Every structure is written in C-alpha cells, then in structure tokens.
Amino acid sequence: MLPILRMDIRKVFGANARRFRVALGLSQEAVAERMGVDRAFVSSMERGLQNATLLTIWQIAQALEVRPADLLEEKVSKVRS
C-alpha cells in the first residue's frame, strides 16, 4: 500500500526543490537560468503555488542534478517520545 502524503504535493515539491537548490549553493536566479524560466517562477514553485508539469519537474531535476522522484518524496520527521 502506498503511503499517504501528509502535505500538499506542491508544498512537498517546493520544499524539496528549495532544499536541493540551497545544498548546491545556487540562487533562484541561477536555477531559473538553467531551466530557461523566470526567477519568479522558481520562487512560486518553491512556495508551492505552482502546479508543476512533468516537463517542469524534469527541467528542475536536471537543473538541481537530482532524480525527478527526489523532488516528490515527502520527508516525514520522527516524533520524539
């Protein structure tokens, strides 16, 4: 059985994109340039305001040097007992 997402998939995607971008030391503008889009589009994606198409997911994955699936993975934080 597939796990149920706890967050909106757009927020998951955006948070992952931002995390990978920051890890590479890239600005939103640099990622936008690699993708051939406007910086505001990257910002909007990172904030979970954009519905990314498959092509967009592929482009940002290439720009961030990750697998497309990495951008859709929800990281569940462990609850401390």
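When the range 17-36 is examined, which residues are found to be in contact with a helix residue (DSSP H, G or I) (Cβ under 7 Å, 6 or more places away or on another chain) and buried (at least 17 other Cβ atoms within 10 Å of the Cβ)? Passing the criteria: ALA17, ARG18, PHE20, ARG21, GLN28, VAL31, ALA32, MET35. Among the residues making up the range 37-63, a single one is β-branched (Val, Ile, Thr) and open to solvent by 60 Å² or more (accessible area, probe 1.4 Å): THR53.
Please enumerate the residues belonging to the range 14-41 that are more than 24 Å from GLU74 (Cβ to Cβ), in a helix (DSSP H, G or I) and among the charged types (D, E, K, R). Write out each step before concluding.
From the range 14-41, those more than 24 Å from GLU74 (Cβ to Cβ) are 25, 27, 29-30, 32-34, 36-40; that's our starting set.
Now restrict to residues that are in a helix (DSSP H, G or I): 29-30, 32-34, 39-40.
Within the range 14-41, GLU29, GLU33, ARG34, ARG39 meet the criteria.
Selection over the range 1-16 of residues that are touching a Leu at 6+ places or on another chain (Cβ under 9 Å) and either open to solvent by less than 40 Å² (accessible area, probe 1.4 Å) or without any contact (Cβ under 8 Å) to a residue 40 or more places away in the chain (or both) gives a count of 4.
The values are calculated or read from the model by the stated rules, or taken from the named source; none is laboratory data. Note that the structure is predicted; figures quoted are calculated from it, not measured. Reconstructed Cβ throughout: ideal geometry from the backbone, glycine too, with neighbour counts over all protein chains shown. When the accessible area is computed, the model is the full protein with side chains, heavy atoms only, and any ligands, DNA or RNA have been set aside. Shrake-Rupley method; radii C 1.70, N 1.55, O 1.52, S 1.80 Å.
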